[in-house]
Structure formats: C-alpha cells, structure tokens
1. Suppose the Debye formula is applied to equal point scatterers at every Cα of the stretch B:292-344; what is log10 I(q)/I(0) at q = 0.20, 0.27, 0.32 Å⁻¹?
2. To the nearest whole percent, what portion of all C-alpha pairs in the protein assembly as shown is separated by more than 52 angstrom?
3. For the stretch A:23-176, what's the radius of gyration and Dmax over Cα atoms, in angstrom?
4. Can you give the average number of partner chain beta-carbon atoms within 10 Å of each beta-carbon in peptide A:188-196, as a whole number?
5. How high is the relative contact order of chain B? Use alpha-carbon pairs under 8 Å, at least six apart in sequence, and give a whole percent.
6. Share of antiparallel DSSP beta bridges in chain B, in percent to the nearest 5?
7. Sort shortest first the distances from A:S102 to its counterpart in every other copy, using label points 7 Å along the Cα-to-beta-carbon line, and give them in nm.
8. With no solvent and one equal point scatterer placed on each C-alpha of the stretch B:251-352, evaluate the Debye formula and give log10 I(q)/I(0) for q = 0.11, 0.14, 0.21, 0.22 Å⁻¹, two decimals.
Protein chains: 2
Amino acid sequence: MLKLNSNGGEIKLDPWGYSQIADYEKLFSLFGIRPFKELLPKIKNPNHLMRRGVIFGHRDFDQILNALERGEKVALLTGFMPSGKLHFGHKMLMDQIIYYQSIGVDIILAIADIEAYAVRRMERKELIRIALEEYIANALALGLQKKNLRIYFQSNMEAPYYRLVGMFSQKVTAAEFSAIYGEISPAKVIAVLHQAADILHPMLEEYGGYKHVFVPVGADQDPHLRFTRDIADRFSGELDLRRPASTYHRFMTGLDGGKMSSSRPESAIFLSDPLEVSASKLMKAITGGRATVEEQRRLGGEPEKCSIYEMYLYHLLSNDADLLDIYTRCRQGKLLCGEDKKMAVEKMIKWLEEHQRKLEKAKNEAEKLVDVPRF
Amino acid sequence: MLKLNSNGGEIKLDPWGYSQIADYEKLFSLFGIRPFKELLPKIKNPNHLMRRGVIFGHRDFDQILNALERGEKVALLTGFMPSGKLHFGHKMLMDQIIYYQSIGVDIILAIADIEAYAVRRMERKELIRIALEEYIANALALGLQKKNLRIYFQSNMEAPYYRLVGMFSQKVTAAEFSAIYGEISPAKVIAVLHQAADILHPMLEEYGGYKHVFVPVGADQDPHLRFTRDIADRFSGELDLRRPASTYHRFMTGLDGGKMSSSRPESAIFLSDPLEVSASKLMKAITGGRATVEEQRRLGGEPEKCSIYEMYLYHLLSNDADLLDIYTRCRQGKLLCGEDKKMAVEKMIKWLEEHQRKLEKAKNEAEKLVDVPRF
C-alpha cells in the first residue's frame with residue numbers, strides 16, 4: 001500500500017485494489033488458501049495480473065514454482081464452459097493461460113461440453129459452435145500458441161479418462177455431493193466427476209506420465225478444487241494421483257456494477273462486440289466519480305469502485321507506472337470521468353479492432369486444433 | 001399341460017415347470033411383460049430353454065423375430081458382472097447367447113467392470129482376471145464363436161459410448177433413481193448410466209449403425225430394462241435411439257433350496273469345480289422326494305421341487321422325450337431319488353470333464369478376444 005497526500009489529507013491508497021480482496025480474507029483464514037503475493041519474489045517475470053493482485057491466492061502453487069525451477073513437467077488445466085460469448089472477464093483467464101504457456105507450462109484446455117449439456121441443458125450443436133468460434137478462436141487471437149497445447153471436448157476423450165470418472169464414483173458419497181453442491185442429481189454427479197477427471201487425468205501414464213497440475217480459478221470454484229484434492233488423496237495409492245495446485249483470481253465487476261455475465265449483455269463487453277457497441281457500453285459504465293465535478297475536484301474519484309479503472313488494471317494498461325499515474329490523478333481529482341472514459345474507449349477500440357482482425361483468421365484455425373464430436 | 005393317471009389319480013402335470021412361472025404372473029398383468037410361449041410358433045428351432053418355459057416372458061421380442069425374418073441387423077447385448085466363479089445358473093444364460101449367435105444374431109458382451117468396481121467395490125485386477133478366466137473362457141468353452149462377436153470392458157470403450165453416459169444424465173432425475181433403486185449414490189448413477197449405454201450404444205452410427213437390440217435377463221432386472229426403454233424414448237429425437245427388446249428367464253434354484261449364488265459355494269456347482277466336488281454337491285442337493293421310499297412309490301416324487309430335475313431340464317437332457325420320461329417315472333413313483341441322482345451325476349461328470357478340457361484351452365484364447373484395460 002502506498003500513501004500520499006491528497007486533497008482529503010493522508011489516506012490509505014490501494015492502486016492494485018488489494019482492499020477488495022479483503023472480502024476474500026476468510027478464504028485465507030478458514031479454508032487455507034494462501035496469499036499469492038507471498039510467492040511474487042519467487043517469480044521472475046510476474047504478469048500484470050499477479051503484480052496487481054488480481055491473482056490473489058493459491059494452494060500449493062509454491063510446489064508448481066519449485067517444479068518449474070527443477071525443470072519438471074507442469075501442466076495448467078482449465079475448463080471452458082461453452083455457454084455464451086467471450087467477454088473481457090474471460091480474457092483475464094486467457095491472459096493467464098498464455099502467460100503460463102510462455103514460461104514453459106503445458107496447457108490443457110477441457111471444453112466442458114458434457115457439463116454444458118447435462119447441467120446447463122444446452123443444445124449440443126450450439127455449444128460446439130460456441131466452443132470453437134468463441135473460446136478457442138479467441139484464445140488463439142489472444143496469442144495462445146499451438147505448441148505444448150492440448151484442447152479436448154470432455155465427450156471426446158479416451159477410455160482411461162472415463163475410467164477415472166467411473167472409478168471416482170466409488171469413493172465419493174451422496175452426502176458429500178449434497179454438502180458441497182446443495183443437491184445431488186445424476187447430471188451433477190456426471191459433471192463433477194468429469195471435472196475431477198479433467199484435472200487429474202494428465203497425471204496418468206496414458207497422458208504422458210506424471211506431471212504437476214495446477215488450475216487457475218475464481219474463488220467460487222474452490223469447493224470443486226477441494227473435492228478434487230480429496231479425490232486425489234483417495235486414489236493416491238491405487239492410481240498414484242496427487243493433489244492439484246490452484247490459483248485464485250478476482251473477477252471483474254460488471255459494467256453496471258453487478259456480476260459480469262454473458263447472459264446479461266449490458267454487464268460485459270464481448271470481444272466480438274461491434275466497436276460502436278463496445279464504446280457505448282464502456283461510456284455508460286459505472287465509475288467511481290462523485291456527484292458533481294466540483295465535488296470530484298475536491299475529494300478525488302474512487303478508482304477502486306470504477307469499472308473504467310478495472311479495464312485499465314485488467315486489460316488496457318500493461319505498464320504499472322501508467323496505471324499508477326491514472327490512479328493518482330483520479331484520486332487527486334485531476335482526472336475526471338469524462339476524459340478518463342474517452343481515453344479508455346480509445347485504447348479499447350484500438351485493441352478490439354486489432355483483436356477482431358486476428359479473431360476472423362483464428363476461427364478457421366480453431367477446428368484444426370481439436371477433435372470435434374459428431375454428436 | 002399334460003394329464004396322466006398316476007397312483008394318486010388324475011393330476012395336473014407340468015413337466016416344464018410352467019407352474020413356477022405363476023410367481024411371475026404379476027409381471028404379465030402389472031408390468032406388461034408378455035408370455036414368451038405366444039412366440040414359440042414363430043420360432044423355427046426354439047432351443048430347450050424356450051421350449052421348456054425357462055424363458056417365459058418378453059418385451060417386444062416379436063419385433064426382434066420380425067427383424068430377423070426381414071434380414072435386418074439384430075444384436076443381443078448382455079452384461080457380465082465379473083464378481084465370482086461361473087456356475088450352472090450362468091451357463092443357462094451362456095446357452096441362450098450361443099443359441100442366438102447360431103441363428104444369426106450379433107453378440108455384444110459388456111463386461112461390467114465399472115459397476116463391479118464402483119458398486120460392488122471389487123479390486124480391479126481381480127475382476128479383470130475373473131472376466132477373462134471365468135466369463136469369457138467359459139463362454140468360449142461352451143461354444144461361443146468368434147464371428148459376429150464383440151466383447152468389451154465398460155472402462156475401455158470409445159468416446160461415443162461415454163458421451164451417451166454423459167448425455168443420459170441430463171434426462172434422468174434423482175427422484176427416478178430413488179424410486180427405482182431405493183437410493184441415489186454417485187456409484188449407482190455411474191453404474192446405471194453405463195448399463196443404459198451398454199444397451200443403447202449399438203444403435204449408434206459409430207458402432208455400425210442402427211440395429212435392433214435385445215437383452216436376455218432375469219425378471220429382477222426388469223426395472224433396469226424399463227428405465228433404459230424410457231431413456232431411449234427420451235433420446236428418440238436427438239439421437240434416434242429406440243427401445244430395446246428383452247426376454248425374461250427363470251433362475252435355477254440353489255442346490256440347497258435357496259438362491260443359487262457364487263457367494264454361497266454350497267448353493268451352486270461351478271463349471272470349474274473339481275469333478276468329485278461337483279458330484280458330492282449334486283448328491284447332497286435337495287430333491288422332490290418323499291419322506292420314505294414306501295411313500296414315494298405310492299405318491300410319486302415331485303420333480304417341480306427337485307434340483308436334480310432342474311439340472312436335467314436346464315442342462316443335462318437336450319431331448320424333450322427323455323426329460324418327459326424321467327418326469328413321468330418320478331411322478332409315478334418308479335424312479336427313486338438315489339437312482340436318479342446317480343444318473344444325473346454321471347451325465348454331469350461326463351459333461352464337466354469335457355467342458356473343463358475345453359476350458360483350459362479357452363483360457364489362452366480369452367485375452368485375445370478383448371482389449372484389457374491397463375488399470
């Protein structure tokens with residue numbers, strides 16, 4: 001935390017939004033998630049999401065760093081739920097994936113088509129289209145490389161993966177399901193066991209032999225992770241499985257102050273939004289501005305509550321000094337929302353224009369990277 | 001039914017044990033299972049189990065006969081639960097399989113290793129051994145041909161099969177599970193959905209395109225069948241699945257009058273029992289004899305209650321006239337249990353000796369007929 005004299009006197013400042021993580025404090029104290037910042041000194045070139053506290057927690061990620069240091073095989077596993085269009089919230093996860101790929105981590109992307117079908121009851125043709133055109137194509141356009149990359153549909157795997165699904169069912173109980181998920185239904189059983197197999201199958205001989213696996217998730221996913229770690233423990237003898245590590249990231253706030261979600265188009269800017277639509281959404285977004293210009297000049301804005309500032313922090317400004325400058329000027333009442341928004345829109349449009357050009361090309365590539373299920 | 005004058009006056013006789021099926025009458029009236037005997041005139045060479053009422057009921061098996069008549073593809077699907085040694089009760093099912101293969105039906109044998117592991121909690125190495133050495137080897141020794149035969153382990157299938165498992169989970173409810181199986185547990189969900197995929201996957205393009213499927217089962221399996229038929233209905237649009245047909249057979253009584261079961265060695269003669277053990281078991285078996293020889297000569301025996309007679313009916317006498325002769329002489333008090341047992345033991349030993357010779361050879365063949373899972 002940085003302190004500076006603003007018009008309002010000495011106040012605590014929090015340019016990286018660490019204060020928001022306070023909501024997550026109980027994850028540290030109650031659930032044993034460790035603060036990510038304790039690992040920062042061990043990471044050579046932490047990316048902006050690490051430096052800025054977006055990735056705020058972890059389980060056993062120190063072991064992943066050690067394994068990388070020793071030159072052992074490490075894989076990042078994440079699941080894509082192909083339920084709608086990709087927005088900037090998703091981009092944050094993609095950026096993590098691409099960063100890890102660049103430092104030598106194998107990337108394994110599971111398209112959770114069985115979960116999307118069974119639990120979210122999506123039509124299969126549509127979810128396959130979304131997986132290809134939205135998730136895979138965008139990931140490629142964002143810079144995902146084809147090297148050290150494996151993408152698969154859950155419903156298109158090989159026997160050893162499904163054998164895990166079947167075997168796991170022996171050592172989990174209906175009571176555990178009810179405790180963790182509030183209910184037990186056949187679809188939930190299938191979805192949860194597939195998810196555990198997604199995370200643990202890369203450790204099998206059939207998938208290249210043991211490798212350390214970690215999963216970058218939002219804090220809401222931690223119950224899944226803990227369950228999967230328990231399953232790994234229960235099969236540590238029979239199948240030589242080990243606990244996966246995990247990292248936890250904050251989520252972007254929705255443009256309207258609510259949850260950012262594909263199902264509420266007004267809450268998110270999609271990476272495929274027409275430029276004018278994206279600009280208009282950002283211009284209307286909620287900010288940390290005061291009631292009047294006079295008040296804002298006097299008290300300064302509140303970037304911690306501002307979705308424009310979030311766009312800078314997550315996406316639009318890679319340089320920390322630039323970000324700090326905007327933060328400071330806003331805080332000091334020198335940068336007003338109108339000017340700030342225009343600047344953000346400009347940066348975003350420039351980025352989106354370039355991205356959408358790449359996206360068109362990437363759409364043709366997507367299908368070549370994954371076996372598409374016939375039905 | 002045949003009537004004849006015995007010492008006790010005119011009585012109703014039932015050489016094929018149809019009276020025992022009376023227990024199953026409610027299956028006909030309540031659950032819509034049809035009597036198998038109505039189909040007998042349409043079957044060119046019904047096997048002894050059909051002729052003698054061991055196979056007593058069916059669902060839609062008339063459609064299977066029609067399909068065969070029209071030269072359409074028909075497959076028999078049955079699941080082997082590799083939980084113990086094979087006994088004469090199992091042989092009865094094997095005989096059905098081999099009969100159907102001989103009249104042009106494709107045979108698909110599912111080794112229910114996932115169910116054996118998840119629900120019965122068997123050790124995987126052991127269940128794989130039992131599947132090979134007991135089930136497959138015995139089937140071969142009994143005459144199963146390699147032509148038009150597919151044997152698989154549930155845990156070793158291809159993606160489209162498991163995709164069914166996953167997709168089925170969308171359209172079945174926890175309430176249905178509880179209603180049919182009395183409980184819902186992750187292992188049961190997995191087992192039941194695998195079983196449905198066993199029965200329905202042969203209809204998929206990936207498995208050679210649509211074919212009519214039927215399943216020969218004991219009446220206790222009918223809830224599974226009905227559930228699978230419901231699932232087929234629910235996917236008749238999306239996946240073009242159709243209801244499987246089924247036949248229902250009686251079970252042999254245990255040698256001790258209880259249930260014949262691998263887990264109670266005294267109740268069953270195993271096909272691999274040492275000859276002297278098998279002989280001793282049969283000599284001790286429960287019969288339909290009277291309290292004294294005098295009484296038996298006067299009243300006649302009761303073959304319907306006799307496990308020796310069952311051995312003739314199911315296994316040891318292929319000729320109906322021979323069986324009827326024994327039945328009649330027993331009924332008339334002319335054939336006493338001692339003589340009868342000796343005759344049965346002799347026939348069984350002769351058969352077992354020959355079978356066990358074939359079994360030794362077949363053990364080497366078993367592994368070549370199926371892909372064995374690594375774990």
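1. Debye output, listed in q order: -0.62, -1.08, -1.38.
2. Values: 86320 of 280875 pairs.
Summing the P(r) of the protein assembly as shown above 52 Å gives 31 percent of all pairs.
3. Gyration radius and largest Cα-Cα distance of the stretch A:23-176: 17.4, 46 Å.
4. Numbers: counts 4, 11, 11, 3, 1, 5, 4, 0, 0.
Going residue by residue through A:188-196 and averaging, the value is 4.
5. Values: 571 pairs, mean separation 76.6, N = 375.
Averaging sequence separation for qualifying contacts and normalising by length gives 20 percent for chain B.
6. Details: 13 of 32 bridges.
So the antiparallel bridges in chain B amount to around 40 percent.
7. Label point to label point, same position, other copies: 7.2 nm.
8. -0.31, -0.50, -1.08, -1.17
Just so you know, all these numbers are worked out from the coordinates, no wet-lab data involved. All values reported here derive from a predicted model rather than from experimental measurement. In this analysis, Cβ positions are derived from the backbone assuming ideal geometry, glycine residues included, and neighbour counts consider all displayed protein chains.
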